[in-house]
Amino acid sequence: MNKLSNFFIVLAVVLLPHLAIAQGENSMLENTMYQSGKINVVIGVVAFIFIILFLYLLSIERKLRRIEEKEKNNIS
Amino acid sequence: MAKQWWKFLSAFLILFSLILGFHTPLAPGIMGVSPDVLTYGATSVTIQGYNTKFTESGNTLQVWLVNSGIIYCPYELTVVDDTHVRASFSLSDEVGDSFFDLFINSESDGTIVMTSAFIQSGMVVGLSPVHPEPCLQALAPAETGSFNFPNQPILYESIRNLLFHVPSWFAMIFLMFVSLIYSIRYLSGNSIAHDIAAANAAHVGLVFAIAGLVTGSLWARFTWGAWWVSDPRLNGAAIGVLIYLAYFVLRSSVGDDEKSARLGAVYNIFAFVMMLLFVMVLPRLTDSLHPGVGGNPAFNKYDLDDNLRVVFYPAVIGWIGMGLWLLEVRNRIARIELNRILR
Amino acid sequence: MWRQVQAIITKDLRTEWRSKHALGSVFLYVVASIFVAYSGFYQIVDLPTWNTLFWIIVLFAAFNASARSFTSETSGRRLYLYTLARPEAVVLGKMIYNAILLLVMVLTSFAVYAGMIGTGPLENTDPYSLLLALTLGAIGLAFILTLIAALAAQTDNNLGLMAILGLPVILPMLLILIRFSKNAIDGIAWSVNYTYALQFSVIMILSAALSYILFPYLWRE
């Protein structure tokens, strides 16, 4: 279950930009990205790095929580 | 708390790269011209600058074209605002080359260039172009004091991505190297903790690889025009990801812990060498959109000027530190789990 | 040790000769896939397609052939071999045996392939470079695939895992090989083409050395 959801998270992260562009080439995304010297590309890149790190931290935390629950069951 | 300093250091370095990476202005440059066609006779064009201060330079502003070594000056020059200037050229009917390079020199911005800014139309391209009279005045020296990033055509502001996209690849390679070391230590010592550490390092490295792929894909879309281009370095990175995915498939497909550790370690060592070949060696052999190809190490030929370098290296160290931190957390969790099983 | 290597090679060759199992099935595989290609394309005139298709067919045949090199022995016989020979001797023997097997396979399938898909692109071929490309290709594929086969043989899902593990690591080698043999068929001068041969040999030697070092860890059980 955990492995599978991880897989879907990875899939979503990889496919997200592709889905966003699927609506048409001259979309809003395109206009935003090209304006003011393509600065928004940089913002997008930094945002993606932070999103990926955030998701990874979430997955680590979930692992930790599982162990915590097992510890609790052992003690009581 | 004694050995925590490197975490603070890497967090600080990432913050440093974020602040300087966004705060540093881009060097002045020419963004575009309209129209980009010059015809025989008089043509008026509007030149759009980027981060330029045309109004401040006043009368010292000079605009000229270079075509096969011959310099053409405009007969009329009007500054519209800081980033727009109108120039009118009167050209003879024979030129030496189809393309004109555009140069602008001013006191505030130094000399800025746009190569092949204009294409000729309706002129004769021949061997005996007409030489106009020399028209350039003494040039104002380039401003050197300010700290800014190079202004490259097509890239423009997105050159800052170098500070965020490339370090994730460095972090990935570094973590894979850590994983390799742990695998070697596992094979020589047979301690299951080393095997878990190797798998964790590969896992964190894979996360950085995915970050590199996604951000690279985004950057490529708005500079090279496609989400995925057939570029040897890009393909190499994708193969690297595939190799490490295969590593995890191998580990999970063997039930026996000791056996899966042994097979995984062997494959990890083999795979790291092959991945290094693919990511570092093969792209140099063929043409690549990435800079630094054709037999040269990526570093020297990166259009990495000193100002970018000042921010780039701290960013690399910072992200490597961040990766090691994630690895440490995962290792500690794994250790608790291992102890619980052993109890 | 060299005598152990020799013994393993002769033993493998002899069992092979008696059953003709591996060679026969690989040959059948190659012929079948060439026939499929033939019924799709009839004749291929375009050199890059011709060349790439040949190496793809050879690649999968090589996977098939070398996957058998460790699973053909029952676990009892493997244990017996383990007590007799040093692991280094076993891996060297298997590598050389696989190289011989693949060499025969590559050369025959090249003949069959050229016969069925057409010899159109072969007009300006530099025969010595082409022969070198085929030979190096067979040996290099054998060297890498031997270790991968040894890995996959220890798991339950032998052939499936073999493809997953093998394809990504073999790609650098395959890309150089395809370019090398394309240049050889195109008749490009040896002074230009030798860099590919050199790079290929470096990867080949590297992978052989790695297999030699790593195999003993796989072998101990």
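The values are calculated or read from the model by the stated rules, or taken from the named source; none is laboratory data. Just so you know, these numbers come straight off a predicted model, no measurement behind them. Note that each Cβ is placed from the backbone with ideal geometry, even for glycine, and that neighbours are counted across all protein chains shown.
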(Q) Condition first: under 19 Å from B:Leu180 (Cβ atoms) and either more than 8 Å from every other protein chain (Cβ to nearest Cβ) or surrounded by 22 or more Cβ atoms within 10 Å (Cβ to Cβ) (or both). Now tell me which residues in segment B:248-266 satisfy that. (A) B:Phe248, B:Leu250, B:Arg251, B:Ser260, B:Ala261, B:Arg262, B:Leu263, B:Gly264, B:Ala265, B:Val266
Q: Please name all residue pairs, on different chains or six or more residues apart, with Cβ atoms under 6 Å, provided the first residue is in segment C:8-19 and is touching a residue at least 60 places away in the same chain (Cβ under 8 Å) and the second residue is in a helix (DSSP H, G or I) and surrounded by 12 or more Cβ atoms within 10 Å (Cβ to Cβ).
A: C:Ile8/C:Gly93; C:Ile9/C:Gly93; C:Ile9/C:Ile96; C:Ile9/C:Tyr97; C:Asp12/C:Tyr97; C:Glu16/C:Ala22
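Each row is one residue, and each column tells you yes or no for (1) more than 9 Å from chain A (Cβ to nearest Cβ); (2) of a type in the set (Ser, Thr, Tyr).
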| residue | (1), (2) |
| --- | --- |
| B:Leu155 | no, no |
| B:Ser158 | no, yes |
| B:Ile173 | yes, no |
| B:Ile184 | yes, no |
| B:Leu218 | no, no |
| B:Thr223 | no, yes |
Q: Please work out if C:Ala163 is more than 9 Å from chain B (Cβ to nearest Cβ), free of Cβ contacts under 8 Å to residues at least 40 places away in the same chain, surrounded by fewer than 22 Cβ atoms within 10 Å (Cβ to Cβ) and hydrophobic (A, V, I, L, M, F, W, C).
A: no
Q) Listed residues C:Tyr217, C:Tyr194; which is surrounded by fewer than 22 Cβ atoms within 10 Å (Cβ to Cβ), of a type in the set (Phe, Trp, Tyr) and either more than 10 Å from chain B (Cβ to nearest Cβ) or touching a His at 6+ places or on another chain (Cβ under 9 Å) (or both)? A) C:Tyr194
Q. With respect to C:Ser129, is the statement that it is under 24 Å from C:Lys20 (Cα atoms), small (Gly, Ala, Ser) and assigned to a helix (DSSP H, G or I) true?
A. no
Q: Determine which single condition C:Gln154 fails, assuming it passes every other condition in (1) within 14 Å of chain B (Cβ to nearest Cβ); (2) crowded, with 20+ Cβ neighbours inside 10 Å; (3) within 19 Å of C:Phe54 (Cα to Cα).
A: (3)
Q: Would you be able to tell me the number of residues in segment B:1-58 that are crowded, with 19+ Cβ neighbours inside 10 Å, more than 14 Å from every other protein chain (Cβ to nearest Cβ) and either among the basic types (Lys, Arg) or out of contact with any Phe, Trp or Tyr (no Cβ under 8 Å at 6 or more places or on another chain) (or both)?
A: 4
Q) Quick one: B:Asp82 ticks every box in (1) within 21 Å of B:Thr111 (Cβ to Cβ); (2) in contact with a Pro (Cβ under 7 Å, 6 or more places away or on another chain) bar one, so which box is it? A) (2)
(Q) Can you find a residue that is within 23 Å of the chain's Cα centre (by Cα), more than 24 Å from B:Ala265 (Cβ to Cβ), within 14 Å of chain A (Cβ to nearest Cβ) and of a type in the set (Phe, Trp, Tyr) anywhere in segment B:130-153? (A) yes
Q: Could you pull out the residue among B:Leu77, B:Leu61 that is touching a helix residue (DSSP H, G or I) at 6+ places or on another chain (Cβ under 7 Å) and over 17 Å from B:Val37 (Cα atoms)?
A: B:Leu61
Q: Go over the candidates B:Leu136, B:Leu127 one by one and state the one that is free of Cβ contacts under 8 Å to residues at least 60 places away in the same chain, assigned to a loop (DSSP other than H, G, I, E, B) and exposed (fewer than 15 other Cβ atoms within 10 Å of the Cβ).
A: B:Leu127
Q. C:Ile188: of a type outside the set (Phe, Trp, Tyr), away from every other protein chain (no Cβ under 11 Å) and surrounded by fewer than 17 Cβ atoms within 10 Å (Cβ to Cβ), yes or no?
A. yes
Q.
Which pairs turn up if I take residues in segment A:35-63 that are within 8 Å of chain B (Cβ to nearest Cβ) and look for partners that are assigned to a helix (DSSP H, G or I) and among the polar types (S, T, N, Q) with beta carbon separation below 6 Å, at least 6 apart in sequence or on another chain?
A. A:Lys38/B:Ser158; A:Val41/B:Ser158; A:Val42/B:Ser158; A:Val42/B:Asn161; A:Val45/B:Asn161; A:Val45/B:Thr215; A:Phe48/B:Thr215
Q) Only one residue in A:Phe54, A:Phe48 is at pLDDT 70 or above and surrounded by 15 or more Cβ atoms within 10 Å (Cβ to Cβ). Which one? A) A:Phe48
**Q.** Verdict on C:Ile178 being within 19 Å of B:Gly255 (Cα to Cα), of a type in the set (Val, Ile, Thr) and either touching a residue at least 12 places away in the same chain (Cβ under 8 Å) or more than 11 Å from every other protein chain (Cβ to nearest Cβ) (or both)
**A.** no
